[in-house]
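Note sheet for the following structure.
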Amino acid sequence: MRCKLACFVFLLVSSQPGVVLAESHIPSLDDATAARVKIGAAIYAESCLHCHGMMGRGVEDAYPDSLAGDASVGELVAIIAETMPEEDPDACVAKDAEAVALYVYHTFYSEAARLRNRPPRVVLQRLTANQLRQSLSDVFAYRGQVANTSWQAEQELRGLEGTYYTTQKWKKEDRKIERVDAVVDFDWGTDGPDGKPAGEGDVINGQDFHAHFEGGLRAPRTGLYEIVVRCTTSFKMYLGHHDHELIDNHVQSEGREEFRRRVRLTGGRVYRVQIDLYQRKRKNDKPPSRIQLAWIPPGGVEEIIPSQYLHPEWSPSVLLLESELPPDDRTYGYERGIAVDSAWDNAVTDVAFEFADHCFDSLWPDYLRSRKKDKADRRTQLRDFLGEIVGTAHRGTLDQVTRERVIEESMAAGEDESWIIRRAVLLAIKSPRFLYPALDSDRPASLRAANRLALVMHDSVPAKWLLDAARDRDLTKPQARREAAWRLLDDARTRAKFRDMMDEWLHLREADSLIKDKAIFAGFDASVVSALRRSLDRFIDETVWSEASDFRQLVAADWTYSCSKLARYFGDSWQPADASAAAVDGFFCSHHDPQVHCGVLTHPLVMATLSYHDSTSPIHRGVFLIRQVMGRTLRPPNAAFSPLSQDLHPDLTTRQRVELQTGAEGCQICHQKINSLGFALENFDATGRFRERDNGKKVDAKGSYVTREDVCVPFNGGRELAAMVSTSADAHRGFVNRMFQHFVKQAPGAYGSETLDRLTDRFQQSQFHIQELLIEIAVIASEPNPSGDAT
């Protein structure tokens, strides 16, 4: 009787747009499924439409949220059978519930249905704060962009170039020692840099010498750094540009030996650094010669700057931009440049003025020095200088309209060079040509491809070699873009952008303020957290940028990077795998322990961030796994959640308390997914330290996961969870989606409804090679004319 009524209702509503989608419009449905969809449409119209609306868009006074997600058909059947309709949950069960689930899933609920009904388009966006900083840094270094050392070369040469003179002068004959110093941390006493007392074969007189350190300082991530120099002699330190004095202690301050400066550095940039130390002829009361170069990185603790962030080769000038920019939208899990308001506009204006000051104070004098033999008059040189700056900012093009409006009108408005440069630079930076990279439809297709490649890989403007490639080669061809992308890959900026994605993916932005109960977790302090940050960074660098670049190692490797501090707190599994191997910057490969080490999934920095200050949080960990790792969606909780106090249930384990609190039927719709994943990580306490017992009871780490294909996968503990993730098609798809969104700042579907499926298939065929995935993302996103271009 129910099915007959459903068919009758179907005939009445089939003509209403949005209620029934003919099976011919749903690809890949067999006849039997199509028939069930029709029956489900009729039941939906009769029992669901008044609450959920046409195409599940919601009804304001009933259920306003749209029906969209990625639950499987089986999960939808269970929800409908148990809870729908609310006034009579028993009215739609068994085959009727299945029919409604099939209709909802194939018509408007699933990702494929949403893409079919409302295909996404490439959204017009402004530069994000990081893209603005990266782009201006490359405009500032427009003459030396290609001089940035490749990542591979940087790893082979570490430290700063140290040159030592017997006097305070720079005479060649006084230069006695040239070497690469891994770090700047010296206590020479009264002997001097050669370590030999005066009169005993000393090369450099410890009473009177000059030490010169030079090279590059790489910022691993964007943020505020505190540079700390401790020195007992007079010295000067320069950072970013050879004229930019960060610290001036040339006239030595009496009794002062510590100097601190806070600077905002951009991740992936290599900042030119120079220190000149002068030991003047020593008197009896002068202290021994000592110098240390340290820093406090974002979220870290003070440490001697490790050699991995120092490079001895010459580095071009890099912009030190101090102006604050408002945070960008992150509601989709990645930065998007969508907010355009007075706060953003005023901040960009401040940045433009600051950049203009740097152009006048640093770049313009550099330009004049480089053109000493040029016979052109100064006004012509100024015009050429502005042409190079504006052309670089506008990504390789300087059309006649821009030249007239920005350069010629500025030149004609006065004689003051400072005013001319500031006016022209302000107009260039505030121009949509610079702030909105997608507004490039009037440019040659090959140049558009170059601009988009640079933005995807480096968040920046294209380097000169890439502009030359756009002119000399046809970058509209995928293979040409692929080759260019591989060259762009070998750069610290690409690594920094990937690390930023990992911070977002692993919820590590909260790690900077990580605090645990000292009474419970004695020894877990800020220095341990800082060491964990470096441990995780080293592990990610090793797995992602190795030749294999294997996603499976990223999420399931049975080792990590450790140091003596971490080994003391976390135990034997964190001791060195090879006791004879030398540590690099204090870090070494740990023991291989498949129970303790499961890639990034069980790294203590991740586990501790996803915990409370005194206990684990299976819910936070489960939400992280289902949303971030498996790439699934969850609706927001119905109410604010506070964990049950341990004092109320002193005999229960954390798992038992969570099961007690989330056992209600209304909670289980989501928590049966969340808890069954989060419980698998219960062997790791609130600091990420492995444990076998919780509250005196053996840890129960059994869990399961239901795939998009309705397959239930059971597991027990972190090792089996990691094995499941490493082979899961859902996890592969989720990672590909995350990579695309972060690097492109757009949804994959905007480049074609099959883009995500195609990339996931290629990722699997490449043996999960992360670098190759990034290259293919760049090739797709740099297509000059993608389907659904910027709107």
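Roughly how big is the chain's charge dipole about its Cα centre, with Cβ charges of +1 (Lys, Arg) and -1 (Asp, Glu), in debye to the nearest 20?
Details: 98 positive and 115 negative charges, 304 e Å.
Value, rounded to 20: 1460 debye.
Residues whose amide H falls under 5 Å from that of residue 575, counting only those 5 or more places apart or on a different chain, are 591, with hydrogens built in the peptide plane.
The phi torsions of the range 600-609, fed into the Karplus equation with coefficients 6.51, -1.76 and 1.60 and a -60° offset, translate into couplings of 6, 5, 10, 4, x, 5, 6, 4, 5, 5 Hz, rounded to whole numbers, with Gly and Pro shown as x.
In the range 272-368, a dipole from Cβ-located charges (positive for Lys and Arg, negative for Asp and Glu) runs towards its positive end, and of 333, 274, 317 it is 274 whose Cα lies farthest in that direction. In the chain, the longest principal axis of the Cα atoms and the axis of helix 342-358 are about 20 degrees apart. A simple rule links phi to the HN-Hα coupling: the Karplus curve 6.51 cos²θ - 1.76 cosθ + 1.60 with θ = phi - 60°, which for the range 371-382 gives 10, 4, 8, 6, 7, 5, 6, 5, 5, 5, 4, 5 Hz, with x for Gly and Pro.
Charge dipole of the range 676-791 (Cα centre as origin; +1 on each Lys and Arg Cβ, -1 on each Asp and Glu Cβ, all else neutral): 520 debye, rounded to the nearest 20. For residue 125, the amide hydrogen comes within under 5 Å of the amide hydrogens of 438, counting only partners 5 or more places away or on other chains and with H modelled in the peptide plane.
Averaged per residue, what accessible area in Å² does the chain show with a 1.4 Å probe, protein chains only? Provide the component values of the computation, followed by the final result.
On the way: 34030 Å² over 791 residues.
Averaged over the residues of the chain, the accessible area is 43 Å².
Of the whole protein surface, residue 165 contributes about 10 Å² of accessible area at a 1.4 Å probe radius. Per the Kirkwood formula applied to alpha carbons, the range 334-460 shows a radius of gyration over Rh ratio, Rg over Rh, of 0.99. One Cα centroid belongs to the range 233-302, the other to the range 333-375; the line between them spans 26 Å.
With every protein chain kept in the model, how would you rank 671, 507, 210 by accessible area, 1.4 Å probe, largest at the top? The partial results should precede the final answer.
On the way: 671 30, 507 70, 210 0 Å².
Largest accessible area first, the residues go 507, 671, 210.
Could you calculate, for the chain, the ratio of the Cα radius of gyration to the Kirkwood radius, expressed as Rg to Rh?
On the way: Rg = 30.6 Å, Rh = 29.8 Å.
Checking Rg against Rh, the ratio lands at 1.03.
Taking a straight line from the alpha carbon of residue 673, these lysines sit under 16 Å away, with near neighbours fewer than eight places off in the same chain left out: 702.
List nothing, just return the count: lysine pairs in the range 367-507, 8 or more apart or interchain, with Cα separation under 24 Å. Can you show the working numbers first?
On the way: 372/464; 373/464; 430/464; 464/477; 464/497.
Pairs that pass both the separation and distance tests number 5.
Accessible area ranking (1.4 Å probe, heavy atoms, ligands and nucleic acids excluded), largest first, for 697, 281, 373, 176: 373, 281, 176, 697.
Of the residues 73, 164, 223, the one whose Cα sits farthest towards the positive end of the charge dipole of the chain is 164 (charges of +1 on Lys and Arg Cβ, -1 on Asp and Glu Cβ, taken about the Cα centre). Each residue of the range 33-41 is assigned a 3J(HN,Hα), and the resulting list reads 5, 4, 5, 5, 4, 4, 5, x, 4 Hz, derived from the Karplus form 6.51 cos²θ - 1.76 cosθ + 1.60 (θ = phi - 60°), x at Gly and Pro. Mean residue ellipticity at 222 nm, helices only, the chain: -11500 deg cm²/dmol; runs of at least 4 DSSP H residues each add -39,500 (n - 2.57), and the sum is divided by the number of residues. Using the Cα gyration tensor of the range 492-585, with a ≥ b ≥ c the square roots of its eigenvalues, what is the shape: rounded (a/c below 1.5), prolate (a/b larger than b/c) or oblate (neither)? Judged from the Cα gyration tensor, the range 492-585 comes out oblate (a/c at least 1.5, b/c at or above a/b).
Note on residue 742: accessible area approximately 10 square angstrom, rounded to 10, probe 1.4 Å, nucleic acids and ligands left out.
The values are calculated or read from the model by the stated rules, or taken from the named source; none is laboratory data. Keep in mind that this is a model prediction, so the values were computed, not measured. Note that we place each Cβ from the backbone using ideal geometry, even for glycine, and neighbour counts take in every protein chain shown. What goes into the accessible areas is simple: the full protein's heavy atoms, side chains included, and nothing from ligands, DNA or RNA. Shrake-Rupley method; radii C 1.70, N 1.55, O 1.52, S 1.80 Å.
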